[in-house]
Amino acid sequence: MSKTFSPELIMIDVDGTLVDSVPDLSWCLDETLKKVGLPPRGEAAARKWVGNGVIRIVERGIANDLDAPHDEAIFKDAMPIFRELYAENTSKRSKLYPGVREGVDYLKSTGIKIGCITNKDEQFTHPILKDLGLWNDFEIVISGDTLEKKKPDPLPLLHGAKMLGVKPENSLMLGDSTSDVKAARAAGFEIICMSYGYNHGDDIRDSNPDAVIDSMTELRDMIKPR
Ligand SMILES: O=C(O)COP(=O)(O)O
Ligand SMILES: [Mg+2]
């Protein structure tokens, strides 16, 4: 028997959890890099660079590395180009992962409150959720620039719980990356991760979430209303 959870609130991550957003992010990053005289890095590289917001993915693309320093002058030119391209391409190539619609519908049927939490900026989060048919499913949407801090800081999770009147210890996060695990632990939330997400190329099991699942359809057996 797998472990079961009975939270009153579930905060759900976007990139790598609900949405495979890399095809659009990677296309925009490569087009941006070409415009500033750098080579495209390809989708496999971009897949490792998602998860810390749009600024970091552009910086990483310029540096062609997850952590190495980037050229600041190139970044200043590149960032507005990326923003303009991504505004037009938030959901042209991005798709919900299999099982997401069923998983969200199941959670809604339990009466558990559900919110959305992402490090993606609001200007991109709102259209992606609308375009992929998830906009009306959440009681709250917290983006990377909604508050002064983003994941792995616990602030967005704590804010979500407070706004919805639920204690952090009765709350759970559904995510895909080590930032999600860190934010959840610091906030006092339980954390379940998707095995298929991004997590910078590392296995999310190494971050010791409370559970790892391959599809949101598994939530039916795992999440039980109180
Ligand atoms: O890196 C981003 O822009 C967003 O990533 P997240 O939805 O997984 O937080
Ligand atoms: Mg994610």
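Some observations on this one:
- Qualifying residue in the stretch 134-152 (condition: more than 24 Å from THR90 (Cα to Cα), open to solvent by 40 Å² or more (accessible area, probe 1.4 Å) and modelled with pLDDT of 95 or more): no
Yes/no per residue for (1) in the same structural domain as ALA184 (by TED's automatic domain parsing); (2) more than 26 Å from ASP153 (Cα to Cα); (3) away from ligand 2 (no atom under 16 Å from the Cβ); (4) surrounded by 16 or more Cβ atoms within 10 Å (Cβ to Cβ):
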| position | (1), (2), (3), (4) |
| --- | --- |
| ASP15 | yes, no, no, yes |
| ASP67 | no, no, yes, no |
| PHE75 | no, no, yes, yes |
| ILE81 | no, yes, yes, yes |
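- Counting the residues of the stretch 86-96 that are closer than 12 Å to PHE124 by Cα and open to solvent by 30 Å² or more (accessible area, probe 1.4 Å) gives 2.
- The stretch 156-203: number of residues that are more than 16 Å from ligand 1 (Cβ to nearest atom), in a loop (DSSP other than H, G, I, E, B) and surrounded by 24 or more Cβ atoms within 10 Å (Cβ to Cβ): 0
- Hey, ILE142 β-branched (Val, Ile, Thr), touching a His at 6+ places or on another chain (Cβ under 7 Å) and assigned by TED's automatic domain parsing to the domain that holds LYS108 or not: yes
- Matching helices (runs of 4 or more DSSP H) fully within the stretch 1-115 where at least 1 residues are under 17 Å from GLU218 (Cα atoms): 100-110
The values are calculated or read from the model by the stated rules, or taken from the named source; none is laboratory data. Quick caveat, the model's predicted, so the values are computed rather than measured. Virtual Cβ from ideal backbone geometry, glycine too; neighbours counted across all protein chains shown. Please note that ligands, DNA and RNA were not included when accessible areas were found on the heavy atoms of the full protein model with its side chains. Shrake-Rupley method; radii C 1.70, N 1.55, O 1.52, S 1.80 Å.
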